[in-house]
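The values are calculated or read from the model by the stated rules, or taken from the named source; none is laboratory data. Quick caveat, the model's predicted, so the values are computed rather than measured. As a convention, Cβ positions derive from the backbone with ideal geometry for all residues, glycine included, and neighbour counts pool all protein chains shown. Accessible surface is based on the protein model in full, side chains and every heavy atom, while ligands, DNA and RNA are left aside. Shrake-Rupley method; radii C 1.70, N 1.55, O 1.52, S 1.80 Å.
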Amino acid sequence: MNPMNNLIFTAALFVGTHFLLSHPLRAPLAGRIGERGFQIVYSVVAIATFVLMVQAYQAMPAELPLWAVGDALWALASLIVLFASILFLGSLIGNPALAAPGAEKAAAAPARGVFAITRHPMMWGFALWAVAHIMVVPTPGQILLCLALIILALGGSLGQDSKKVKLMGAAWQDWRSRTAFVPFAGQLSGRLRWADAMPRPHALFGGIVVWLVASWAHGALGYMDAGLWRWV
């Protein structure tokens with residue numbers, strides 16, 4: 001199997017097993033081996049398929065970029081990663097989508113901060129991170145790898161909406177009616193106030209710290225300089 005076909009196969013395996021285990025296979029497997037057993041199987045399969053995909057990407061030969069990447073594109077991509085980091089940090093507290101106690105209580109709260117931007121800030125954070133990497137490393141292999149992550153993040157979010165209705169019933173339906181899937185769609189439609197979308201301190205400052213550290217580590221570990229570190 002040539003390197004590109006191997007990457008396509010492992011990317012499809014990574015995404016496909018996630019969707020199968022999250023939806024059609026979840027109930028029968030959990031019923032047979034228990035919820036804890038299912039979580040172990042899910043984690044093992046997720047890690048194994050991700051490692052296979054990354055190894056397939058690393059085995060790709062050198063590729064020419066599909067477009068030129070200058071400072072302007074790097075600056076835009078860096079801002080997108082900063083925004084993605086803020087969304088991710090904000091998603092860690094008070095997120096009804098997380099499988100944690102108190103989800104119904106969180107869903108009853110007003111949509112504020114990153115949850116006024118999108119009800120799936122964690123998944124949009126992953127997707128936007130992948131978009132930014134496509135922008136600055138526009139090789140076929142990188143694009144395929146990042147598209148797999150985007151499909152999983154956003155497709156998984158849509159599937160989670162359906163799953164949460166079954167798990168949480170009216171609580172999730174109410175939360176979904178007061179929030180938006182696409183970032184800032186609630187503000188653009190007039191349903192949500194722009195002031196409510198201001199990230200909370202833990203999301204804003206935590207996201208900035210994660211962005212600075214991660215972009216510094218990018219260069220320190222031998223990859224391309226990223227973020228502010230490209231210019232300082």
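Taking the Cα centre as origin and putting +1 on Lys and Arg beta-carbons and -1 on Asp and Glu beta-carbons, what dipole magnitude results for the chain, to the nearest 20 debye?
820 debye
Going highest first, how would you order 71-78, 126-133 by mean Cβ packing within 10 Å? Walk me through the numbers on the way to the answer.
Numbers: 71-78: 15.1, 126-133: 21.4.
The densest-packed peptide leads the list: 126-133, 71-78.
So I have (i) 17.6; (ii) 19.2; (iii) 18.1, and one of them is Kirkwood radius over Cα pairs in Å calculated from this model. Which one is it?
(ii)
How large is the charge dipole for the stretch 119-232, taken about the Cα centre, if only the Cβ atoms of Lys, Arg (+1) and Asp, Glu (-1) carry charge, to the nearest 20 debye?
420 debye
Give the accessible surface of the chain per residue, rounded to a whole number of Å², with probe radius 1.4 Å and ligands, DNA and RNA excluded. Walk me through the numbers before you get to the answer.
Values: 12390 Å² over 232 residues.
Per-residue value: 53 Å².
Using alpha carbon centroids, what distance separates the stretch 39-115 and the stretch 213-228, in Å?
18 Å
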